[in-house]
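Report on the following structure.
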Amino acid sequence: MKKQILTTFFASIAVAGTMAQTSSVPRLVVGITIDQLRSDYLTAFMPLYGEDGFKLLLEKGQVYSNVQYQHSPIDRASAIASIVTGTVPYNHGIIAEEWMSRTELHTNFCVEDRTYQGVGTSEGSSPKNLLVSTIGDELKAATKGKALVYSVAPYREAAVLAAGHAADWAMWIDNQNGKWVGTSYYGDAPSWFRYLDTGSMADKISSLTWKPTNDAVGAYNYHLLTVQKPFSHRFTGDSRFRVFKTSGLVNEEVTKAARQCMESGNVGMDEVTDYLSVCYYAGDFHNDSHITTTTELQDTYIRLDAELATLLKKIDQLVGLDRVLVYLTSTGYDEVENTEDLSEYRIPTGEFNINRCATLLNMYLCAMYGNGQYVESYFGNQFYLNHKLLEQKQLKLAEVLEHCEDFLFQFSGVRDVFTSHRITQGAWTPGISTIRNGFNPKCSGDIIIQVSHGWNLVNEDRGTKKMQRDSFFEFPLIFFGYTIKAEKVATPVTVDCIAPTVAHHIRIRAPNACSTPPLF
C-alpha cells in the first residue's frame, strides 16, 4: 500500500514538474527592425562600437547572415508587413508605401484611413489595408486580449503595420509637428503616452545640431575615393521633422519612447507574454548618396549601437534578458537616389518617361479599339487600365494586355513587361516569382514596366527620377535572449520565417497567411 502511495506521489510530482516546464514561455518579445541596416556597414564600423549593443547580439545571439526578402520591389512598408505576417505582399496586401487607388484615381498611402482621427496629428490611420493577421494579432487572440502589444517607430507606416489590427497602441513622430502621435483606431491613448514629453519635442528638434559623436567618427574610409569630413546639421524649414527622421539623432528619441512604454506600460511584468515592436533608422541622411554623407552614416551606426545597448540594458533591468526573446533584422532595401550621370563614362543609360509612355499607349489602344481613355492612370512603373471601358466595348482584358505588352517592348529602356495576366496565370520565367510575390490584384497595376539597368524612370507629374539598379543587399537576422544559444548560421533564410519562429517560442498559432515553418 505504501509503495502504491509513493508511486502515485512521485508520479504527481513528475506531472506537475512537466506542466511547470511546458508552461514556461518568454514574458516579452521585442521585435527590432532597423530601416536599411546593411551587413557591410555593420561590420565596417565594428571597431567603433561598445560592448553591449551590436557586439553583444552578434556574440551571444543566433545570427543568420544570409537573409532575403521573397518579393520585389521592397520598401519600408512592404518589408515590415512581411516580417510581422510571415508572408508576401501577394497575400498581405501591402505592396508599397503608396499605390494608385482605382476607385478614386489618386495615390493611396498604405495606412491612410480618414474614418479614424489622429491623436496629436491631423492624419487618420489604421491597418485596414493589411489583409491578414500579424504575430501581435495572434498573440492577442491566444491570450484573449490579456497580452500587451505596442509599436514604436519614427514612421507612421512602420508603427501601424508592425502593431497590426489588435494592438493596444502604435506611436510615431509626426512629419508636420514633430510630436509623438498615434491614431484613435487603437482606442484611447494609454496614460504613459500622455505623459510623454510630446509638447516640447518640436522645439527640441528645431534647436538640435547634429555633430559627430566623437573624434573617431570618420576614421574609417569605407567608400572608394571619398574624403571624410566633419559635419554640422540643423533642422529648419517646413520639412525639418521629416529630415530629422533621416538623421542619426532620431534613434535616441525612439529608445526614450520605448523605455517609457516598458517602464510605465507594464510590459513583461506578468506571466502573459507581451509584444513590443521597435523600429530604428540606419539609412543615409536626407536620402543623399552614400558618398556625400559617408561620415554621417558612420555616426548613425555608432549612435544606433549605443541606443541598442541602452534598450537592452533597460529590458534586462525591468524583465531580464533571459526571459525576453529579441529578434533583430533589416528592411532590406536602399532608399538612396542615384543621380550620377553614367553617360560621362560611356555606361549605357537613358530616361524612360512614364507620362509620355502612358499617352502613347493610350493612342495605340485608340487606334486598335476606337476612341476612349484606356489608360486610366499610372504610378511608379505601373499602368492601370480602364476596366469599365473594356467591359463596355466587350474587350477581353487578357487580349488587350497582350497587345500592350507587344507595344511596350518596342520602347527604348524597357527591359521587361509584366502584365497582371502573365504574373498570375503565365508560365514561370526567371525572376517572375519575386515579381508575383510583390504583386496584389487589388492594388497593383495591370502592367508593370521593368526599366533597363542604368536607366532612369522619370515621372514629370511628380517630379521624380529614379535609376534602375539591382544590387545584392546583405543584412542579418539575429535571435537573442530566451533559450537562444550563440550560433552563426550561413544557411539562406527568408524573413517570412520570423513570425512562425516567434509563434513557436511563445506557443501560439502563426499568422493566418503564414505557411513557412519555424527556424528552430
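The values are calculated or read from the model by the stated rules, or taken from the named source; none is laboratory data. Note that the structure is a prediction, hence the values are computed from the model and not measured. Virtual Cβ from ideal backbone geometry, glycine too; neighbours counted across all protein chains shown. Accessible surface is based on the protein model in full, side chains and every heavy atom, while ligands, DNA and RNA are left aside. Shrake-Rupley method; radii C 1.70, N 1.55, O 1.52, S 1.80 Å.
Taking (1) on the phi > 0 side of the Ramachandran plot; (2) at pLDDT 90 or above in turn, residue 449 satisfies each apart from (1). Filtered by the rule that a residue be surrounded by 14 or more Cβ atoms within 10 Å (Cβ to Cβ) and either in contact with a helix residue (DSSP H, G or I) (Cβ under 9 Å, 6 or more places away or on another chain) or outside any helix (DSSP H, G or I) (or both), segment 505-519 gives 506, 508, 509, 510, 511, 512, 513, 514, 516, 518, 519.
When the test is whether a residue is modelled with pLDDT of 95 or more, under 18 Å from the mean Cα position of the chain (by Cα) and surrounded by fewer than 19 Cβ atoms within 10 Å (Cβ to Cβ), residue 502 does not pass it. Pairs meeting the criteria (first residue in segment 375-402 and open to solvent by 50 Å² or more (accessible area, probe 1.4 Å), second residue of a type in the set (Val, Ile, Thr), beta carbons under 6 Å, at least 6 apart or on different chains) are 378/354. Screening segment 266-369 for strands (runs of 3 or more DSSP E) wholly inside it with 1 or more residues that are in contact with a Phe, Trp or Tyr (Cβ under 6 Å, 6 or more places away or on another chain), of a type in the set (A, V, I, L, M) and closer than 22 Å to residue 79 by Cα returns the ranges 274-281, 324-330.
So which residues in segment 464-495 are open to solvent by less than 70 Å² (accessible area, probe 1.4 Å) and more than 23 Å from residue 88 (Cβ to Cβ), if there are any at all? Answer for segment 464-495, where residues must be open to solvent by less than 70 Å² (accessible area, probe 1.4 Å) and more than 23 Å from residue 88 (Cβ to Cβ): 464, 467, 480, 481, 482, 484, 486.
Only a single item in (1) modelled with pLDDT under 95; (2) more than 19 Å from residue 80 (Cα to Cα) is not met by residue 480, and it is number (1). Just one of (1) surrounded by fewer than 22 Cβ atoms within 10 Å (Cβ to Cβ); (2) at pLDDT 95 or above fails for residue 325. It is (1). If you check 331, 300, 236 for being touching a Lys or Arg at 6+ places or on another chain (Cβ under 7 Å) and either closer than 19 Å to residue 33 by Cβ or free of Cβ contacts under 8 Å to residues at least 40 places away in the same chain (or both), only one passes: 331.
Scanning segment 252-265 for residues that are in contact (Cβ under 8 Å) with a residue 60 or more places away in the chain and either outside any helix (DSSP H, G or I) or among the polar types (S, T, N, Q) (or both) gives 260, 264, 265. Within segment 158-190, the residues that satisfy the criterion of being open to solvent by less than 20 Å² (accessible area, probe 1.4 Å) and closer than 16 Å to residue 250 by Cα are 158, 159, 171, 172, 173, 174, 178, 180, 181. Residues in segment 191-211 that are at pLDDT 85 or above, surrounded by 19 or more Cβ atoms within 10 Å (Cβ to Cβ) and either over 26 Å from the mean Cα position of the chain (by Cα) or aliphatic (A, V, I, L, M) (or both): 205 alone. The set of residues in segment 101-140 being acidic (Asp, Glu) and open to solvent by less than 40 Å² (accessible area, probe 1.4 Å) consists of 113, 137, 138. Here 424, 434 are screened, and the one residue that is open to solvent by 10 Å² or more (accessible area, probe 1.4 Å), touching a His at 6+ places or on another chain (Cβ under 9 Å) and either under 18 Å from residue 89 (Cα atoms) or at pLDDT 95 or above (or both) is 434. Every residue in segment 170-202 that is over 17 Å from residue 242 (Cβ atoms) and in a helix (DSSP H, G or I), please. The answer is 184, 185, 186, 191, 192, 193, 194. Checking 436, 422 one by one, the residue that is in contact (Cβ under 8 Å) with a residue 40 or more places away in the chain and more than 19 Å from residue 364 (Cα to Cα) is 436 and no other.
Rundown of residues vs (1) under 13 Å from the mean Cα position of the chain (by Cα); (2) closer than 23 Å to residue 153 by Cβ, yes/no style:
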| position | (1), (2) |
| --- | --- |
| 51 | no, no |
| 65 | no, no |
| 73 | yes, yes |
| 79 | yes, yes |
| 88 | yes, yes |
| 91 | no, yes |
| 100 | no, no |
| 105 | no, no |
| 118 | no, yes |
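Quick check: is even one residue across segment 297-305 in contact with a helix residue (DSSP H, G or I) (Cβ under 6 Å, 6 or more places away or on another chain) and aliphatic (A, V, I, L, M)? The answer is yes; a qualifying residue exists.
Total residues in segment 147-169 satisfying the condition of being part of a helix (DSSP H, G or I) and out of contact with any Cys (no Cβ under 6 Å at 6 or more places or on another chain): the figure is 6.
Look through segment 444-454, keep the residues that are out of contact with any Gly (no Cβ under 7 Å at 6 or more places or on another chain) and farther than 11 Å from residue 382 by Cα, and return whichever of them is surrounded by the most Cβ atoms within 10 Å (Cβ to Cβ). Lay out the reasoning, then the answer.
Just the residues of segment 444-454 that are out of contact with any Gly (no Cβ under 7 Å at 6 or more places or on another chain), to begin with: 444-450, 453-454.
Still in the list and also farther than 11 Å from residue 382 by Cα: 453-454.
Numbers: 453: 14, 454: 16.
Applying the filter and picking the extreme gives 454.
Among what's in segment 269-292 and is open to solvent by less than 10 Å² (accessible area, probe 1.4 Å) and at pLDDT below 95, pick the residue that is farthest from residue 326 (Cα to Cα). My answer is 284.
Selection of segment 306-336 for residues being of a type in the set (S, T, N, Q) and more than 17 Å from residue 478 (Cα to Cα) yields 310, 317.
Identify the residue in segment 312-322 that is within 22 Å of residue 49 (Cα to Cα) and in contact (Cβ under 8 Å) with a residue 60 or more places away in the chain and, among all such residues, is surrounded by the most Cβ atoms within 10 Å (Cβ to Cβ). Talk me through it step by step, then tell me what you get.
Applying the first criterion (within 22 Å of residue 49 (Cα to Cα)) to segment 312-322 yields 312-317, 321.
Still in the list and also in contact (Cβ under 8 Å) with a residue 60 or more places away in the chain: 312-313, 315, 321.
Working: 312: 21, 313: 15, 315: 23, 321: 19.
For segment 312-322, the residue satisfying everything is 315.
The single condition from (1) under 30 Å from residue 441 (Cα atoms); (2) surrounded by fewer than 15 Cβ atoms within 10 Å (Cβ to Cβ) that residue 145 fails is (1).
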